[in-house]
Number of protein chains: 2
Amino acid sequence: MEREHITLKDIAKVAGVSTATASLALAGDPRVNIKTKRNVEEVARRLKYVPNEIGRSLRAKKAETIALIFPNTPHNAFTHPYFVQLLEGITEILVQNGFHLLLSTSPTETDEAASYDLILKNRRADGIILWPASIKDSNILRIVESGYPVVYLGRWHHDDVLTVERDDFGGAYLATEHLLKAGRKRILHVTGPQSFQVSIDRLEGYKRALQDYKVLFEPQLVVEADYTMESGYEAITRAEQAAISYDSVFAGNDRMAIGAMKALQTLGRSIPGDVAVVGYDNIEMATMTHPTLTTIEQPMDVIGRIAAEKLIHKLTNKGTAEGIEDKQSVVPAKLVIRESCGGK
Amino acid sequence: MEREHITLKDIAKVAGVSTATASLALAGDPRVNIKTKRNVEEVARRLKYVPNEIGRSLRAKKAETIALIFPNTPHNAFTHPYFVQLLEGITEILVQNGFHLLLSTSPTETDEAASYDLILKNRRADGIILWPASIKDSNILRIVESGYPVVYLGRWHHDDVLTVERDDFGGAYLATEHLLKAGRKRILHVTGPQSFQVSIDRLEGYKRALQDYKVLFEPQLVVEADYTMESGYEAITRAEQAAISYDSVFAGNDRMAIGAMKALQTLGRSIPGDVAVVGYDNIEMATMTHPTLTTIEQPMDVIGRIAAEKLIHKLTNKGTAEGIEDKQSVVPAKLVIRESCGGK
DNA sequence: ATGAAAGCGCTAACAG
DNA sequence: CTGTTAGCGCTTTCAT
């Protein structure tokens, strides 16, 4: 069971050359005689030689690895649906470039700083992709502005920092515009907590669309909830009690939209007849409701891909796609039209 | 921006000792003088010294890292809902033990073998957790039976292999039993493709429960679908056309259960009045349907935790929890009672 | 075209 | 108690 690993030395010995030559031969260096090269390769293949990357890393001072760091805080939960998609995008690019992915959670919020530092300083990874926990985080600040190779998944107030962000403003604009174009004028916006940047941005997108379509913004048409389905349900109930009249709902996420639909159906309103509904996120559930939910999709796999490309570009200067040179990228959201808004 | 990393040598120089002493001092070796130790620690702290783990790994011949390998094949999609949970369980244990997690997808099926080998042979990780793609996979076979430190998430036909598996049989038994206890006798079982071991096991659990409760198994009450919501819908339609009578449905997963509920509602059957429904998986959506869906939960975080513990135990001989000594573990499923079956 | 030797950062055996 | 030395596996001058 205790298998000895065959090293370059073994190959060299068997092939009757020095390790230096063996190394060069396997690296395909043109200086080495073609016959020797063939021979070394033959031996390596026969002995199933696999280079030890730790040795190589030590020498090269790089690990060919990037780390994805995400704080495992409870309220991060509502971003979870995207996590797998993000991962898919990232891994796709990494695999293409022969990089590895180190996944790192910060166990507790206070340990975060340490965690970030370690990963980079201990040379386990050459760069990191940072999935933000909340709007402000002094720990993140340090690492992001330290000049280390970091891609931040969100907005950052400093132009030197590489970032990839989704377009919450634009997505909300799209959603609102869709309702406006369908002739709806009184759009109830169920927002998430306004302490989150996401919620603020989506509200702004909503406002801007109204403005562009010359519809007066009415503060009473904005009701705050907390991104859960239940809170979406209650938001409608509250609006009802307040006797607010509206012909459509734009919810800050799909869960709230689904809660809202339930509430509306309980109240006997038809969707989209009486009230049209748009959500945000395009979670799987949006395809299964009745009626199916029109919503905004955020291509998290694209975000992952761009982030990985940016980082690898910074690390290796090998650009793999266009636009990678830009420090900041905003990935546009997409309108996914289903039944809950009528039309097609 | 090109920061020089401070190494042990730097610490030693500044502290006026040899690197050996510095190393011992930082390792807390009792042989080194307390004053020297303090001094070295002082210097290390002041210079913000972080040991280079690559160097350490090379020396120690271990990476303090385990890899999670999962094949990124399309039909793996239906297992996705669990992936994040699994990850949570794994990382929790790894963090506790100071291990790192390397995530590895096999880009294509043919590359899998290579991918498995590499991770271990190139010494990037000390052990791996294997998330199986399909029932049979000759690539997996090699690595699992190679004697390398591997934990396989599923069943394996060889007793020496470390495995952690969920209990599909038991879960299906629970679901069926729940219906039987509620007085339902004609349980329609909507299965997934019988080419998957999951589907087979769940069908077996269903049969066994019937048998234990002295209810005759009727083959016509088993209809095969493909784990999508649409197929669940169609399964009911087909059963209807075949004029099969039933008073309840046990679906092989929640998606099909939801599809089935839709179909039943379209047909004017009340749930659970006319037909009780149980799903499997406890996806988030199960809490949002109307009525909410009674289902079976598989604690994937527990599976992840056990897998990580087993592996670390094998690697370090440090047992962190009971039952880790066992080569094989089966993690029991749990019945989650909601509205779709009536009762409470 | 090939080999000898140095060194990446760390630890451990052995002296002193 | 501390320093010297060697070596983990690899690559890369620098000689030959």
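All of the numbers you see were taken from the coordinates with simple rules; none came from a lab. What you see is a predicted model, and the numbers here were worked out from it, not measured in a lab. No Cβ is skipped: glycine too gets one built from the backbone with ideal geometry, and neighbour counts run over all protein chains shown.
Table for the structure above
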| item | result |
| --- | --- |
| Compactness of region B:159-283, expressed as Rg and Dmax over alpha-carbon positions, Å | 14.1, 53 |
| GNM top mover of B:V278, B:V14, B:V150 - chain B, alpha-carbon springs below 10 Å | B:V14 |
| Cα centroid separation - region B:143-181 against region A:147-182, whole Å | 43 Å |
| Within-15-Å neighbourhood charge of B:K214 [Cβ basis; K, R +1; D, E -1] | +3 |
| Average beta carbon contacts from partner chains per residue of A:55-64, 10 Å cutoff | 4 |
| Kirkwood hydrodynamic radius (C-alpha pairs) into Stokes-Einstein, the protein assembly as shown, 25 °C and 0.890 mPa s, D in µm²/s | 87 µm²/s |
| Ranked list, fewest to most other Cβ atoms within 10 Å of each Cβ, for A:I69, A:I296, B:I283 | B:I283, A:I69, A:I296 |
| Most mobile of A:R155, A:R31, A:R142 in a GNM of chain A (Cα contacts under 10 Å) | A:R31 |
| Fewest-first ranking of B:K181, A:K207, using other Cβ atoms within 10 Å as the exposure measure | B:K181, A:K207 |
| Of A:I306, A:V190, A:G268, farthest towards positive along the dipole that unit charges on Lys, Arg, Asp, Glu beta carbons give chain A | A:I306 |
| Teacher prompt: B:G28 distances to equivalent labels in other copies, 7 Å Cα→Cβ, nm | 4.8 |
| Simple spin-label estimate for A:K327 and B:K181 in nanometres, 7 Å along Cα-Cβ | 6.3 nm |
| Check: the protein assembly as shown dipole with +1 on Lys, Arg Cβ and -1 on Asp, Glu Cβ, in debye | 2080 debye |
| Chain A - mean residue ellipticity at 222 nm from DSSP helices (-39,500 (n - 2.57) per run, n ≥ 4, rounded to 500) | -13000 deg cm²/dmol |
| Nearest-0.05 FRET efficiency for B:T292 and A:S146, computed from C-beta distance (R0 45 Å) | 0.40 |
| Under the span-like rule (Cα at least 15 Å along the axis, Kyte-Doolittle mean at least -1.0), DSSP H helices of chain A | A:80-96, A:168-181, A:197-212, A:229-241, A:254-266, A:300-316 |
| When the convex hull of its Cα atoms is projected in every direction, mean area for region B:1-49 (nm²) | 3.2 nm² |
| Segment A:T237-A:D160, length gained on full extension (0.36 nm per residue, minus Cα span) | 23.1 nm |
| Average other protein chain Cβ within 10 Å of Cβ, residues A:256-268 | 1 |
| Formal net charge of residues neighbouring B:P81 (Cβ-Cβ distance under 11 Å; K, R +1; D, E -1) | -3 |
| Ascending list, in nanometres, of distances separating the A:K181 label from those of the other copies (7 Å, Cα toward Cβ) | 5.3 |
| Coordinate range along principal axes, alpha carbons of region B:213-344, Å, largest first | 59, 31, 28 |
| Residues B:S195, A:S231, A:S23, A:S248 arranged by fewest to most Cβ contacts within 10 Å | B:S195, A:S23, A:S231, A:S248 |
| 10 Å Cβ neighbours from other chains, averaged over peptide A:88-96 | 3 |
| Over chain A, relative contact order from alpha-carbon pairs under 8 Å, at least 6 apart, % | 16 percent |
| Distances in nm from B:T237 to the matching label points in the other copies, shortest first (labels 7 Å along Cα to Cβ) | 3.7 |
| log₁₀ of I(q)/I(0) at q = 0.09, 0.13, 0.15 Å⁻¹ - chain A, Debye sum with one point per alpha carbon | -0.61, -0.98, -1.17 |
| Listed pairs A:K37/B:K61; A:K62/A:K310; A:K62/B:K48; A:K61/B:K61; A:K310/B:K62; B:K61/B:K327 exceeding 27 Å between Cα atoms | A:K37/B:K61; A:K310/B:K62 |
| Among B:G252, B:G55, B:G205: highest mean-square fluctuation, GNM of chain B, C-alpha pairs under 10 Å | B:G55 |
| Rounded Å value of the spacing that divides the Cα centres of region A:190-243 and region A:21-52 | 65 Å |
| Nearest-0.05 FRET efficiency for B:I244 and B:Y213, computed from C-beta distance (R0 25 Å) | 0.80 |
